[in-house]
1. Could you tally the net charge around ARG161, taking each other residue with its Cβ under 15 Å from the Cβ of ARG161, Lys/Arg +1 and Asp/Glu -1?
2. How would you order 69-81, 154-166 from highest to lowest mean count of nearby Cβ atoms within 10 Å?
3. For labels at ARG132 and THR187 in the simple 7 Å Cα→Cβ model, what's the distance in nm?
Amino acid sequence: MRTLRRAALLAVPVLCALASCGIPTTGVVQAGGPASGVVPTIRVYFVADGTLVAVPRRTVAPVDVESAVEVLLEGPTEAERVKRLTTLLPLPGLLPTAVPAAPAAPATDGAMPVPQEVRTADLVKVTATDDRVSIELTAAMGEVTGLAADQLLCTALGAQRVADPGTEPLPVTVTGPRGRPVEGTGTNCSDG
């Protein structure tokens, strides 16, 4: 009896295992995006009490100077503004209209043309060469102060450090719409 009972108890798991073989397959189940690893963090530079302050921001890869400047021009978040962080740069969302590449065609029904949204490309042009990074400000951006130029310089230098760790960042030049260049080495950049 004991042997029969033991055999019956051992047969139950075997039968369950065999019965589970008939479970139909479900195919590929979508459960979000692919694994992405570590999300890069860059530092953008805002101003508090006349001093540059590094603020970490998560961004999409690959990191480059142009994407870092775009993040900078989004301005401080509400939580950062509460901490009295500000920017000396004009923010695209706060400017009235973009500087269109071509004049807007007048509306045929007599209505006024709708203003375009200002984009980062309307304000700055970022060019990276083998020996330097150039940030050119358009007329829509206006002239910037030395501290505002430092916001751009430090953000650009920091982005280069994230993009290519272990190498010395290229010099950065910020040129205003009137052609006045400001070159920086990062001596005013804090680490946060």
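What follows draws every value from the coordinates through simple rules; no lab data is involved. Everything quoted here is computed from the prediction, not taken from an experiment. As a convention, Cβ positions derive from the backbone with ideal geometry for all residues, glycine included, and neighbour counts pool all protein chains shown.
1. On the way: positive: ARG43, ARG57; negative: ASP64, ASP164, GLU168, ASP191.
Result for the neighbourhood of ARG161: -2.
2. On the way: 69-81: 17.2, 154-166: 19.9.
Output ranking for 69-81, 154-166: 154-166, 69-81.
3. Result for the modelled spin labels: 1.8 nm.
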